[in-house]
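S.K.: This is the structure, below, for whatever I ask next.
Laboratory data are not the source of any read-out in this text; all were calculated from the coordinates shown. The model shown is predicted, which means the values in this text are computed figures rather than measured ones. Heads up, the Cβs are rebuilt from the backbone with ideal geometry, glycines too, and the neighbour counts pull from every protein chain shown.
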Amino acid sequence: MKFSVHTTERMEDQIADQGIIPDKLTGEESGEEESGDEETEDSGSASEWRPGIEILFRQPIYSSNTSPQFPQELIERICEFLWDEPVQLAVSCTRICPAWYHAARRVLPEYAITCRTQEALRDYAHTLTSLRNAPYRKQFKKLWISDNASKPFAHVWPICIPGWILPKLRYVELVTLDWSTKTPHDSFFIYLSSYTSVSCLILRDCRFRSLPDLRRVINALPNLMSLELYNITLQHPLRPGSVPDYITLRARSHRLESIYLRGSKHRPEYSDVSSEYQGTTALGSQAQALLHMVVANSSTVTRLDLDLRFFTSLSALQRCLAHFRRLTSFEARYQFASGPMITLEETVPARTENTYIHSWESFTLTDVPDQSALQLLQLLATPRSCSKLHELRICLAGRPSAALLSRTSRFLHESGHRLKDLWWECSVDTDLEVIPSLAGNTTLQTLYINLRDIAPSPQKIHSALTAILSDIVSVDLRKVYIHLTLARLEVLPQNHGRTPVAPDPAEAISAFHIILSREIFNGLPLHTHYNCVEVDFYVGNIQDNPVVVATIKAYMITLFTPWLDRGIVELRFNWMDSVETITCVSTSMLNEDTLSDRGGEDVEENTPVGTEQYNEAQEVIWRETDTGMKGSDGRRW
């Protein structure tokens, strides 16, 4: 397995080719490797994307019966011995046959270097420093290190793997560092500065002695463009009321454009999530110290992602945002703190204009409760604030109130000729509206709707889909993604299936087909990777009721028959461990699905497929209910 310099150079040319490495053929990362000015001339545009090629396992076929035949276990063992020879695995072993391909793929390193132990770091260092593996160094884009509390090693990784070895590395993520009592040696920061290609630093669940120690890690990367801080703890935060020197808190890189600042990963539905930031003065001081560092870098930042639990109110958030004059993209998560904290305005010199109005291009609310969302929409209340807005994402932690729906609908109507991308996610109330009106959005290109806890009834699903699709008025629509998480059967009301509350299914299906046949949808493209209509049903909560699942599936196929015939929609039925995808359905398949649970009865020609199946579902659901199904309170319906 020894190679000359000339052989290594030829292999470097091959591995540098985007189409040679087998990983490129099977993973989705191929479209994410490079972007912007990093693209090569051969990388092509989005329209030239090629779908991934799945190489199925197949036993080797030998040219002669007299040739030695290796069992698969031996092939895998051979590849395992080549764990530190990725060039041989990628260039030679994967090209022999499918059996060797799969054996080699198990051993080949991923595009991310992952180290959880000192031994793993040594193995990567041994592999990457070998001259024979020089071509493979360019494949790594991300470095992920989770330090070990009993045997820490993160303080030596830049020394073991110098930055010049990984010329294409873009992301560095450090997890569970504990440098609260002892900081790394000066040589760590010297070697860390050799990672000149790194543009994104992610620190997660880390402890530092003080803010200057955290800043020293950040400043060691000279070309940093994105900084992400998740659940950072400072052993010695700022004293209450002290005003830090903002010059000393600024990052060394003048290219810093994005900052993400979040606390712990708890979501707002858990009990008193803000208590961890307010329980003691020290914790409150930590939060404010981190905010001070964020504000100190406000002059270059254009994208900001903040945890609302660092703030007591909307006015406190607005005072912070006033420092970011170049800000165009904002994301808020969770909810405002509910108790007293050391507020930012007490220690940060206030701007003359505390109510600076940003001209947003992207505005996102994630896991935000209804009341917080209502307050945050005030940041979009003026014509200037939304004059350039092209992307709006609202992902609620629960159900939307009528007030929030009204305000969101009004805003969508006012920004209708500018908005390109709209995301809406919430839980569903059985009897109330949960989707804002889209009637004013004439320029939408991407629509993403995610409804949680929707009742597992064809009628309810039909109503939700009708509300979404009947409201669309944009002829520019290119991507529609509707995800419906079906709740357990317990959510169905007691009278479900006995009291008719919907029009005749045949008429309802016909009306839905009229919606899908509107002229507004004539421009929808054929289903591709970049342009698609996907309707995704998560049925994991009801997979123990196959009749109900089959009923919903047959009914949805019938509803979307016009789009399935045109090849513009993909229906996905997700179980806990599998996915079924439907892109086109023949008449025979429709009949088979419809009759599968009815003993093969004939279907009348004038009866839409799925109509009788729908009626049968109500009887089945009620029959299961009547024979022992219980509600969430433990009682029978």
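S.K.: Which order do the peptides 130-136, 73-79 take when ranked by the mean count of other beta-carbon atoms within 10 Å per residue, highest first?
M.R.: Details: 130-136: 17.6, 73-79: 15.1.
The peptides rank, most packed first, as 130-136, 73-79.
S.K.: Just to confirm a number: summing +1 for Lys and Arg and -1 for Asp and Glu over residues other than Cys115 whose beta-carbon lies under 10 angstrom from that of Cys115, what do you get? Can you show the working numbers first?
M.R.: Values: positive: Arg116, Arg122; negative: Glu119, Asp123, Asp147.
Around Cys115, the surrounding residues sum to -1.
S.K.: Using the structure shown, list the pairs from Lys142/Lys168; Lys151/Lys265; Lys141/Lys182 with a Cα-Cα distance above 18 Å, or answer none. Could you put the intermediate results ahead of the total?
M.R.: Values: Lys142/Lys168 9 Å; Lys151/Lys265 26 Å; Lys141/Lys182 30 Å.
Among Lys142/Lys168; Lys151/Lys265; Lys141/Lys182, the Cα-Cα distance tops 18 Å for Lys151/Lys265; Lys141/Lys182.
S.K.: At a 10 Å Cβ-Cβ cut-off, how would you order Leu306, Leu438, fewest neighbours first?
M.R.: Leu306, Leu438
S.K.: Another one. Give the relative contact order (percent, whole number) for segment 63-167; include only Cα pairs under 8 Å separated by 6+ residues.
M.R.: Working: 103 pairs, mean separation 26.0, N = 105.
It rounds to 25 percent for segment 63-167.
S.K.: Using alpha carbons only, how many angstrom separate the centre of segment 549-567 from the centre of segment 117-138?
M.R.: 51 Å
S.K.: Then there is this: When the Karplus curve 6.51 cos²θ - 1.76 cosθ + 1.60 is applied with θ = phi - 60°, which whole-Hz ³J(HN,Hα) does each residue of segment 299-304 get, with x for Gly and Pro?
M.R.: 5, 10, 7, 10, 10, 9
S.K.: Counting Lys +1, Arg +1, Asp -1, Glu -1, what net charge surrounds Ile568 among other residues with beta carbon under 14 Å of its beta carbon?
M.R.: Working: positive: Arg478, Lys479, Arg518, Arg566; negative: Glu534, Asp565, Glu570.
Once positives and negatives cancel, what remains is +1.
S.K.: Order of 508-518, 312-322 by packing, highest average Cβ count within 10 Å first?
M.R.: Details: 508-518: 15.9, 312-322: 18.8.
Averaged packing, sorted descending, gives the order 312-322, 508-518.
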